[in-house]
Every structure is written in structure tokens, then in C-alpha cells.
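The values are calculated or read from the model by the stated rules, or taken from the named source; none is laboratory data. Computed from a predicted structure; not experimentally measured. Positions of Cβ are generated from backbone atoms using ideal geometry, with glycine treated the same way; all protein chains shown enter the neighbour counts.
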Amino acid sequence: MKRDVQRIYDKCITCRQTKSKFLPHSLYTYLLMPKKSWVDIFMNFILGLPRSKRGRDSIFMVVDRFSNMIYFISCHKTDDTTNITNLFFREIVQLHEVLLIF
């Protein structure tokens, strides 16, 4: 198996270009688990969806790492930060009284 992987790697230009030769590799460190809900969240966007009846073509996704609760909020691909912030406050902060710390 090691030979097969090496042979495929040798033929792949992308693999050879992205492999680090100078930086030392280290072990991954795990993220600490939060102690309460809605303290540590992550946000992402799902783009390129077909338009809905309201003309929305994207999903704004908010995930709470403690409870694994996920909110899928429909939005437009062209929404700016003001619109996304308003969605976040209306859908998440208002429901869960999230304490925002920047």
C-alpha cells in the first residue's frame, strides 16, 4: 500500500506543490470544549442553491459547539455584513440571549 500511495503522489502535481518541505509538521491540537451553550459558536455559508419562492439562494448556518444545535437561516448570496448581522441578531441573539464578546 505504501508503494501505491507513493506512486500516486509522485504523479500528482498538486500533491507535490502543496507538500511542505520547510515547515515542520506537528500534532494537531484539539479545541477546548465549551462549558455552556451559546458561548462558542461557528458560522458558515452554504452557497449556490436554487432560488426559493422568496428569491433566496443561500443558507447562513450557525452552530453551537456545546449542544450541537444548528440553525439554518435562508439569505441571499449578495447580502452584505449589515444584513447578515441583522439576521444573526434576529434569529440567534434574540432567542438565546447570546453574550457577544469580541
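The figures follow:
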read-out: Test: residue in the stretch 91-102 that is more than 18 Å from the chain's Cα centre (by Cα), surrounded by fewer than 12 Cβ atoms within 10 Å (Cβ to Cβ), among the aromatic types (F, W, Y) and not in a helix (DSSP H, G or I); value: yes
read-out: Check on C75, touching a helix residue (DSSP H, G or I) at 6+ places or on another chain (Cβ under 7 Å), at pLDDT 85 or above and either exposed (fewer than 11 other Cβ atoms within 10 Å of the Cβ) or not aliphatic (A, V, I, L, M) (or both); value: yes
read-out: Cβ-Cβ under 6 Å pairs, at least 6 apart or on other chains, the stretch 68-93 side in contact (Cβ under 8 Å) with a residue 12 or more places away in the chain and within 18 Å of K53 (Cβ to Cβ), far side of a type outside the set (A, V, I, L, M) and outside any loop (DSSP other than H, G, I, E, B); value: I73/F60; I73/E91; C75/S58; C75/F60; K77/S58
read-out: Pairs, first among the aromatic types (F, W, Y) in the stretch 25-38, second at pLDDT below 85 and assigned to a loop (DSSP other than H, G, I, E, B), C-beta under 6 Å, six or more apart; value: W38/V98
read-out: Whichever residue in the stretch 11-40 is in a helix (DSSP H, G or I) and loosely packed, with under 10 Cβ neighbours inside 10 Å and, among such residues, is modelled with the highest pLDDT; value: K11
read-out: Residue under evaluation F66, criteria (1) modelled with pLDDT under 90; (2) touching an Asp or Glu at 6+ places or on another chain (Cβ under 8 Å), criterion not met; value: (1)
